[in-house]
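The values are calculated or read from the model by the stated rules, or taken from the named source; none is laboratory data. Bear in mind that the values here come from a model prediction, so they are computed numbers and not experimental data. For neighbour counting, all protein chains shown are included, and Cβ atoms are generated from backbone atoms with ideal geometry for every residue, glycine included. The accessibility values were calculated without ligands, DNA or RNA, using every heavy atom of the protein model including side chains. Shrake-Rupley method; radii C 1.70, N 1.55, O 1.52, S 1.80 Å.
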Amino acid sequence: MANISNEVRNYFKLDLLISRACLTLRNLFITRYSLFNNGQIWIDSAAHGNNYLTNVISKNKKINLTPAQKKTVGDGDTNEWDVSILTAILLHSDRPQTMNTNEIQKLDQEDLRINKLRELRNKVAHKSSKSVDNTEFNQLWNDLSTILVAFGDIDTELDKLKDDSVFESPKQTINEENKNEALRLNSLGTQAHKNEKYSEAIKFFTQAVVLPSVPNHDRATFFSNMAGSRLSLYKQQLYSVDNCEDGDITKELDRALKDAKQARKLWVTWWKAHFRVGQVYAILDDHDKAINSFERALALEPTKSEIQQALDESCILVNRSSRQEYLDPRENLKTIPENLNELKEKFGLDPEMVRKDRSLLKVIDPSMADVMKGHQFASGDIDVIQDYEQAAKYFAKAANAGNAEGMCNLALLFDKGLGVKKDHKVAREWFEKAAAQPEEHPRIKGMRNIGVAESEYALGVRYFEGISIRKDLSLAAYWYQCATDHGSAMAANSLGAMYLAGLGLDKNLEKGEELHELAAKRGDPVAMMTLAKLRLDKNDFEMARIWYDRACESDNPVAHRDRDNFIEDLEARQKYSPDMLKAMKTAANYMLSFQSKISPSVASELPYLKDYEMLCGYAKRGSITAKNLCRALEHYIQALNILLFCETLTEEQENIFVHELSQCYRIEQIVAQIPAHMHKKVSNIIERVLSRCKQESNFIVSQLDEDVRVCYATLNSNSYGIIEKFVELCKQKYPKSVYFFLTSGAVHGFRRQSDAGLYNINNGLEIEPDNYELLYHKAVLLRHIGRDMNEAIAAYQKFIKIAPKDHRKIPEAYYEMAQCLKDFAPNAGMRWIQDCYKEGKQAEKLQLPCFLPYKSDNIAFIQPFIDMMDSNFNVEPDPINNRKQHLTDSHRIEVIKNHRQWEKTTLDEKHNPFYKTISTTVKPRVKQQSDKLLIGLKPITLQEMNSRKDHVYTGCVLSVTIIEETLSWIPSIHLVVEDENFDCERMLIYGISKEEGEYLISKLYTVGKKIHIINPYLRIGANDMKPSIRVDDISSIVMQSKSEWILNMCRYCCEADASKFCGKCKQASYCSKECQTMDWKLYNHKLICKS
C-alpha cells in the first residue's frame, strides 16, 4: 500500500463499505421474500433462482436487469448478487395487497434508504479515476455508514474499515510445509500453462488453493493464475475443431470469473486481481464491468501498459455499441466488385467507368496506386484474395508518401489489429497525421482529400471516450466540428448528441437538432432515427414518419426492430386534440432541456482576439469587464507570440510563456483559446516546467511554481480525477491562492460533488470575501445541493450586487434564481420567476457585443413557465424567427459556399485565359418526364425528398426561389434554390444551347425569381455523392408570375427591397450592414465579389 495514493485508498475503503452493504441488502431480500411469499424461506439454489427469475423478474417490467444479471439471479446464489441487482429487486418488487399500514410505512422508509444507498454506490462506482479526496470521502463515508447503521449495522465495526490496516494481509497461522507445497504446485501449474496444457495447469492450481494455512496473498496469486488458465482453456476449446459443447465452454468462463473474484477478495489492492476480473468480463462481452475493473487496476498500478491497452479496447467496444456501430450496415465490409455493383444499382454508375476514373487518379497522384492496392487487399477484388498484411504494406507506403487516405486506412488496421499488431496509440498517431493534411486534395483542385474528415472523426471518438489518450470533451467537440465541416455524417451526429445532452458544450437544442438533420441528410442512419424522434416530439408527424422510414430504408436494424412501437406512438398522438398536442410539445421541450448534465462549458465559439479593439473601446468608457478581458488578452497574446515566433524555446522563454499564460488564466481564462494543433506543444511546455519545479523541491514555493500549477490545472480541467488530486496539493502548498480554491470548487461541481465544491469555495471566500467569481460558484453549488434555496438566492443577490453590471454571468444569475423557486416553490413564486426573467432580459442588454446573442444554459428550463403565464402563448414557430434560424443552418452554409467556390472558378476562367477547368457530367440513372400543366400535381418540399436516394418524384411539383445565380451554363446552369420551408439545395440545369445560355443566366434564372419544377429529380452526384435538383428538360421548369418574385432580394436573409449594396462589387444587395457582414462571414461573399 505504500505506493498507493491516499485518494485511491479512500476509494477502496468506500468500496469495502459498499461490499458490506451487500450483506445487509441480502438479509433484507431474504426477509422480504418470506414476507411477500406467506412465510416461505429462501434457499440459495438454482431451483429457487430459476423459479424467482421466471415468476417474478420476467413478469415485472419495472425490474430492469441485464442478461448477465438475470443469469446471476437464475443461479440462485445471493452471495453473488451485487448492489445493483439487489437494489433493483428490492425497490421494484410488487408488494402483497394484504399488508397493514405499519408494514407499508416500514417498507417505505427502507426503500428511501435503499434508493439513497444506490445513488451513493453509483457515485463511487462511476469514478473513472478510482480516487476520492478526503473531503468527499468523509461525506460519502458518513452518508453510507448512516444508512447501514439504520439497517442494524454497528458503527464501531464500520469505523474499523476506515483504517489502512484493512488492506494488509490479516494475521494468519502459517503452515510452512503447506505454504511450500502450494508454491511448488503453483510453479508446476505456471509451467503447464506456458506449455499450453491448461487443464493440467488448472489441476495444479486447484490443489494449491485448497491447502490450509497458506498466506492470503499467495492464495490470491493461485486463484488469479487459475482464472488465467481457465480463460486460455476457454479460447482453446472455442477455436478447437473438436470443441466440446457450448455449455461446457461457458461454464469454464463462469469458473474463471469466480476464481478472479476470489483473488480480488483475498487481496483487495492487488492490481492483477482486478485486471483478471476485467479480462473475464471483457470475454463475457460485459464491457462496462470490464472497464470498471480495468480502471481499478490502473489506479493501483498506473504504469502497466497492458492495463491501459485492455481499458482502451473495452472503451472502443462500448463506444461502438452506444453508437450502434456494430449494427451500422456501413460496417459490413464488402468486396470492391460488390461496392461497385451497389453504386451502379443506386446511382447508375458504370463500374468500368469508376475503375477508369480511379486509374486516372493514379496517374495524377502516384501514391493513389498504393491506396488502390491497399483497398484491393483489404476488401478483396477480382483476382485478388483478401490479405490484410499486404493491405497494411500498401497503405503504409502511401501514408509515408503523405497520402491522407493511406494514413487513415493504416490507422484503422492498427486500431482493429488487422494485418498488423493491434496498437491504439500508433493508430491515434496516424489519425493525427492524416487530420493534419489539407482539406482539399493537394493535386486535384476542388476534390475532397479523403482520409482527413474520417481521421478527424476518429480523433473525436478517442478524446470523447479517453481511448489511448486523456479524455477531453472540448477536444472531442473540436475534432467532431472539424470533421463535420469537412463532410462527415457520423461526426455531425456525434456533435449533435453532445449539444442535445450538454456534454462538454453549452446545451443547445436547436444546434443539436440542426446537426442531426445535417447528419441524416448526409446519410447517417442513427441520425435519421434520432431526427424522427425529435420531429415526433414537435408533433411534426409527417416528417417524423418520413425520417423513420428513411432510417429503415438505410438498413438500420434498430429502426426496423422498434418500428411498430414508433408508429403506434405516432398514430396515438395524431388522435390528440390541438390543445393537448401543444401541451405535449411544451412538456417535451421542457423535459429535453431538463435532461442536462452538470457539465463545464469547455468549448467556446467566441474568437476574443478579433474583439480586442472593440473591448478596448468599452474599457475606455468604463467597462470593468472589458478592461479585464483586455488585460487577459494582452497576457495571452504575449504567450502566443512566444509560441509562434520561436521554433524551440529556451528554459527562460518557457518560464515567460508560463507566467504570461497563468496571468491570463487568473484574470479571465475564457479568452485563452489554445488552437487544437498547438495543444500538445503547450502541454509539453507546461509539463517540462512543472517537472523542473518539482525537481528543485516539492516544498519550495516560488512564483514560477505557482504559475505553472495554475496553467496545468486549467489546461487539464476536463480530466477531473487527475486535477482533483493535483489541486489538493496546490492548495496545501499555496493556501492563499484563491485560484486553486476556485478551480477545486468548480471541478467538484462538475463532478456533482456539490458539498465538497462548496467547502472549497467557502475557503476561498475567507481569503477574498468579495471575489465575485467565487460568489457566483457558491450560489450555483447551493442551488445544486438544494437544501436551502433562500441561502442560494442570497448568494446570487450578493454576486449581482458586487459584480460589474456587464459581467457575463449576471443574466444567468437572474435565470438561476428563477430556477430556485421553479424547482422548489413553483406555485408560490410564479410572479417572482417572471420578475427574475425580466431582470435577466434587461441585464442581457448591458452585455458586451462579444457575449451577444446571449447564450443561457438555464433559459430553456424556465421558458415553459414564462410561456404558461403569457396568455398569448403560441407554440407554433414564428416564420421570421424560423427563417433566421435557417440562415445559419450548416447545410445551407455548405451549399452556398460550395456554389460560390464554383462561381469563383468561372470568374477565374473569364479573367485568365490560361486558367481552365475540366467539367464532366454522368448520364442520369433515370429519365425525368415533363408535364405541360401543374394541375393535379402534388406539392413537395425539399425535406420530403430523400437526400440520399437518386429518385424522380413523378406526379409532384417543387416550388422554389432562386437565391444564388450563375455566371455560366457549361456544362450546366448551377443555381441554389430555397423552398417554402427555407431549406435550400443546389439545382443543375442541363441541355442548354449556346444561343439561349446567356439569356437564361442573365435574364431568366436570376436571384429572386420563383419557379415550379415538374417531376423534380433529386440526383446524387457521381463524384461527390451529394444531392442536387437536376433538370435535363428545361420545359419541366415553369416560371411563377412576376408578382411573386422577390425584387431586390437581400443576398443574406432573402427578404425583398434591400436598399444597400456591396461597396466593392456594387451588385449584391442587403437589408442592413448586419446582413452584409453575415454574408461575408458565413457565406464567403468575397469569393464572388467582382470589384
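Points worth noting:
- Using alpha carbons only, the radius of gyration of the range 52-185 set against its Kirkwood radius gives Rg/Rh = 1.08.
- Each listed q (0.22 Å⁻¹) maps to a log10 I(q)/I(0) for the range 469-575, found by the Debye formula over equal Cα scatterers with no solvent: -1.09.
- Considering every alpha-carbon pair of the chain, the percent of pairs per 10 Å bin, from zero through the bin containing the longest distance, is 2, 8, 15, 20, 21, 17, 11, 5, 2, 0, 0.
- Computed from the Cβ-Cβ distance with R0 of 51 Å, the FRET efficiency linking K884 to D82 stands at 0.45.
- Net length available on complete extension from Q901 to A68 is 294.3 nm, with 0.36 nm assigned per residue and the Cα-Cα distance removed.
- Taking all protein chains together and a 1.4 Å probe, the residues H807, H193, H677 rank H677, H193, H807 from largest to smallest accessible area.
- Cα long-axis angle, helix 789-802 against the chain (0 to 90 degrees, to the nearest 10): 50
- Cα-based helix-to-principal-axis angle, 890-911 vs the chain, degrees rounded to 10: 40
- Part-to-part distance (alpha-carbon centres) for the range 479-524 and the range 35-59, which is given in Å: 47
- Unit charges on C-beta of K, R, D, E only; dipole of the chain, Debye: 960
- Within the shell of other residues whose beta carbon sits under 14 angstrom from the beta carbon of K59, the net charge comes to +2, with Lys and Arg scored +1 and Asp and Glu -1.
- Atom-type composition of the exposed protein surface of the chain places 51 percent of the accessible area on carbon and sulfur (1.4 angstrom probe).
- With R₀ set to 41 Å, the beta-carbon distance separating I174 from V701 gives a calculated FRET efficiency near 0.25.
- Expressed in Å, the radius of gyration and Dmax of the Cα atoms of the range 333-441 are 14.2, 41.
- Against the chain, whose longest principal axis is taken from its Cα atoms, helix 651-668 shows a tilt of about 80°.
- Overall form of the range 451-519 per C-alpha gyration tensor (a/c, 1.5; a/b vs b/c): oblate
- Residue order for D705, D755, D383, D357 - accessible surface, 1.4 angstrom probe, largest first: D383, D357, D755, D705
- Where labels lie 7 Å past Cα in the beta-carbon direction, separation of E352 and E1074 in nm: 6.0
- Amide H to amide H distances under 5 Å link E1055 with C1050, where only residues 5 or more positions off or on other chains count and H is placed in the peptide plane.
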